[in-house]
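Report on the structure given below.
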Amino acid sequence: MTRSDRLLLDALEQALESGGMRLLYQPKVASSSGRLVRVEALIRWQHPQLGAVPPARFVPLAEAHGLIDVLTQWALRTALRQWREWKGQGLDTAVAVNISAVSLEHLDFPDLVERLCRALDVPTDRLVLELTEGATQPLIKLMDTLTRFRIKGVGLAVDDFGTGYSGLTQLRRLPFTEIKIDREFVTDLPQSRDDAVIVRAVTELAHGLGLTVTAEGVETIEQLAALREIGCDHVQGYLLAHPLEAADLVPWASRHQRRWKMLVRPPEDARLRARLEAG
């Protein structure tokens, strides 16, 4: 381990002990109605000297050096507590938490998650665990663990679908409930015929397997219209909302439905459309 990695790992451990980590929440909505379906919990770490440290930097360190379970359990507890607060404010949605395949190697992990949900009075069907597509390669060996999550009612989503290699056999055999199409295939919609073909094919494949489909990285009215036409179930991205502080979700939800009507029937004036896309 390099000296910089050791210093960063020590700082991460201190941040977990002292409350230096936080979660932001990005809404996901139904493409047909704009209804809030779920929020994705996103870990953020603001280091006092280094500034914002991206998860791509600190999560692999946590995985390699025994901190990933502490990080995962903190994220789960924080997100589930926040769900309960929203429920008390009259907002009933689901929450998704990103987890590492390393955590799935523990046979008691599904029981731990169930205990957390029970202790915090959160129905298990209001929780979804998201795993990156790259993690699905070893996950085939963890079929029993994943199946236990599904039996307990917890949803399982493949994140960043399309950026790695996903065998169709794995999609058929693993008990996922959702595929999330990576922003790479959304960015050029609807101008790119190839991307449109890929998104349509993935959507039809997923629906054929009984899965729902979410498109990530939706930033323009044109992308939203293309995804609605294709039949993608859910959309997520800056067009709908940037990642929000927990306290901002309820006010966002109260404004969202009015704005949604304009997003699906946008003004013809280019300047007004640009202002609408900017939020």
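Observations
- For segment 177-221, the set of residues classified as of a type in the set (D, E, K, R), outside any loop (DSSP other than H, G, I, E, B), in contact with a Phe, Trp or Tyr (Cβ under 8 Å, 6 or more places away or on another chain) and farther than 13 Å from Asp159 by Cβ consists of Asp195 only.
- Matching option when the condition is touching a helix residue (DSSP H, G or I) at 6+ places or on another chain (Cβ under 7 Å) and surrounded by fewer than 20 Cβ atoms within 10 Å (Cβ to Cβ), among Ala274, Ala215, Ala196: Ala196
- Pairing residues of segment 141-162 that are closer than 20 Å to His234 by Cα with residues that are outside any helix (DSSP H, G or I) and among the hydroxyl-bearing types (Ser, Thr, Tyr), at Cβ distances under 6 Å and at least 6 apart in sequence or on separate chains, gives Gly155/Thr177; Leu156/Thr177; Asp159/Thr132; Asp160/Thr132.
- Residue check, Arg3 open to solvent by 10 Å² or more (accessible area, probe 1.4 Å) and within 16 Å of the chain's Cα centre (by Cα): no
- Against the list (1) surrounded by 20 or more Cβ atoms within 10 Å (Cβ to Cβ); (2) in contact (Cβ under 8 Å) with a residue 40 or more places away in the chain; (3) closer than 30 Å to Leu91 by Cα, the condition Val202 fails is (3).
- Residue that is nearest to Val37 (Cα to Cα), among those in segment 218-236 that are open to solvent by less than 20 Å² (accessible area, probe 1.4 Å) and without any contact (Cβ under 8 Å) to a residue 60 or more places away in the chain: Val218
- When each of Arg228, Arg255 is tested for being touching a Ser or Thr at 6+ places or on another chain (Cβ under 6 Å) and either more than 28 Å from Trp83 (Cα to Cα) or not aromatic (Phe, Trp, Tyr) (or both), the lone residue that passes is Arg228.
- When Gln49 is tested against (1) outside any loop (DSSP other than H, G, I, E, B); (2) open to solvent by 30 Å² or more (accessible area, probe 1.4 Å), only condition (1) is not met.
- Qualifying residue in segment 9-31 (condition: at pLDDT 90 or above, open to solvent by less than 30 Å² (accessible area, probe 1.4 Å), in a helix (DSSP H, G or I) and over 25 Å from Leu112 (Cα atoms)): yes
- Selection from segment 144-161 of residues that are under 24 Å from Asp182 (Cα atoms) and either at pLDDT below 60 or surrounded by fewer than 18 Cβ atoms within 10 Å (Cβ to Cβ) (or both): Arg150
- Enumeration of residues in segment 103-132 that are crowded, with 18+ Cβ neighbours inside 10 Å, closer than 25 Å to Phe58 by Cβ and without any contact (Cβ under 8 Å) to a residue 40 or more places away in the chain: Ser103, Phe109, Leu129, Leu131, Thr132
The values are calculated or read from the model by the stated rules, or taken from the named source; none is laboratory data. The structure presented is a predicted model; accordingly, all values stated were derived computationally and were not measured. Because the Cβ atoms are built from the backbone with ideal geometry, glycine has one as well, and the counts that use them run over all protein chains shown. Note: areas computed on protein heavy atoms with side chains; ligands, DNA, RNA excluded. Shrake-Rupley method; radii C 1.70, N 1.55, O 1.52, S 1.80 Å.
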